[in-house]
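To keep things clear, I will list the structure first and then write my remarks on it.
Readers should treat all values here as calculations from the given coordinates under stated rules, not as data from a laboratory. Predicted model only: the values in this text are computed from it and were never measured. When we count neighbours, we look across all protein chains shown, and the Cβ atoms used for this are built from the backbone with ideal geometry, even at glycine.
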Amino acid sequence: MGARIFLTGGSGRIGRRVQRKLLERGYAVRSLAHRRRVESPPHPALELVQGDILDQDGLKKLLPGCSFVVHLAAAWDMFPPAVYEKENDQLFESVIRGTYNLLEASRGLPELQAFLYASTDAVYATGPRRFDAPITEDTELQPSRFYALAKIACESLCLNYGRLYGLPWLAVRICWCLDADEILRIFHYDFWEGGLSPEDRARLGPRLAGRGAEARFGGVFAPLMPDGSSGVDHVSDPEDIGEGICLAVDRHAEALGGTFNLAGPANFRYLDLVEDLARELGVPWGSAPVKGIEPYELSIQRARRVLGYDPQYPIERMLANAVRRVKQGVA
């Protein structure tokens, strides 16, 4: 059995993949369970432990014997109702205090090889901010909401725990990560409706908005820029992000003290995909300018070079998987 890893957020969309992939690599995993009940683990190298990242004393009892800490847990809401995104106090506790507690519990571990912190591309203000080039890890940080501000604060904590206490750390900045039951939502008219002009809402709403049992697929939508060109986004699949995090553990010696963007293979234009998607789903489609969005691309060259990161899920594959689930009645 390999080195033991303390994992938070192991039940999340990314954490489930990380946990599985670490076990497949031969690591032992001590996975922190917060809300779920601890039951007999399905793998001999998996240890499920009850705890809370807000309980520093409890963490100090759970961490001895671990060579790595992989910290994924944090409150996060992307789709309505975005409860935690509106509550700074809750985000402070979950993101900042939780990370502080875990750093405090980790800094005294004599066997610690790396503390891996999962951050986000929101630290760059992707979406509302204009970029003239692909976003690298050296791009100036600029939060557009408190969640991103909290993540920036935690990255700073990791950096300065390294300087002050010699704690070995690295961080990954995760691109907008969507599972197969989530990716179609960014093509829904309802997702973008708030940024449309009253005229476009009146024109498109009756044809594309979800209604009743058909709320999921009233129609699909492609956001446009004010000049009529396609909106551009960059997303990632949890399988790719999970692999990137495990590679960071595998290659921690080369990665310590570094920050790495993890994203899908490339960004995409909504207009390139929406017509085929509508045909596959058998629904109408439309497009219109949306206020407050800017095209962007997250550079993953550093992760490719240092970690060997090679994402396998372009947007086309993600959508194909999602459409297959819909047709099978899964989503």
What ranking of W285, W169 emerges when the number of other C-beta atoms within 10 Å of each C-beta is taken as an exposure proxy, fewest first? W285, W169
Can you work out the Karplus-derived ³J(HN,Hα) for every residue in the range 170-187? Use 6.51 cos²θ - 1.76 cosθ + 1.60 with θ = phi - 60°, whole Hz, and x for glycine or proline. 7, 9, 10, 9, 8, 5, 3, 9, 10, 7, 4, 8, 10, 4, 5, 5, 7, 9
Given charges at beta-carbon only (K, R positive; D, E negative), |dipole| of the range 191-293 in Debye: 560 debye
Mind checking the dipole of the chain: about its Cα centre, +1 per Lys or Arg Cβ, -1 per Asp or Glu Cβ, Debye to the nearest 20? 660 debye
Convex hull volume per residue in cubic angstrom - Cα atoms of the range 52-179: 121 Å³
Which far-off residues, 5 or more places away or on another chain, put their amide H under 5 Å from the one on A28, with H placed in the peptide plane? G2, A3, R4, I5
Relative to the compact globular guide of 2.2 N^0.38 Å, what is the alpha carbon radius of gyration of the range 208-331, as a ratio? 1.28
What are the residues whose amide H is under 5 Å from the amide H of S119, where those residues sit 5 or more places off or on another chain and H is modelled from the backbone? V172, R173, I174
Per-residue HN-Hα couplings for the range 10-16 [Karplus 6.51, -1.76, 1.60; θ = phi - 60°; Hz; x = Gly/Pro]: x, 9, x, 4, 8, x, 4
Note the per residue figure in Å³ for the convex hull of the C-alpha positions in the chain. 140 Å³
14 Å Cα-Cα reach of K61 towards aspartates and glutamates, excluding residues that sit fewer than 8 places from it in its own chain: D52, E104
Calculated from backbone phi, Karplus (6.51, -1.76, 1.60) coupling profile of the range 278-284 in Hz, x at Gly/Pro: 4, 5, 4, 8, x, 10, x
If you average over every viewing direction, what projected area does the convex hull of the Cα atoms of the range 231-302 give, in nm²? 6.6 nm²
With Cα atoms, 0 to 90° folded angle of helix 198-208 axis to the chain main axis: 80 degrees
Springs between alpha-carbon pairs under 10 angstrom, Gaussian network model over the chain: which of G98, G218, G282 fluctuates most? G282
For the pair Q56 and R129, the simple spin-label estimate (label points 7 Å beyond Cα toward Cβ) gives in nm 3.0 nm
222 nm [θ] for the chain, helices only, -39500 (n - 2.57) per DSSP H run of 4+, per residue, to 500? -9000 deg cm²/dmol
When the charge dipole of the chain is computed with +1 on Lys and Arg Cβ and -1 on Asp and Glu Cβ about the Cα centre, the Cα farthest towards its positive end, among P143, V290, Y161, belongs to Y161
Amide H contacts under 5 Å for L48, placed H, 5+ residues apart: S31
Could you identify which residue out of E243, E47, E111 has the top mean-square fluctuation in a GNM of the chain using Cα springs shorter than 10 Å? E111
Arranged from highest to lowest average of other beta-carbon atoms within 10 Å per residue, in what order do the peptides 234-240, 152-158 appear? 234-240, 152-158
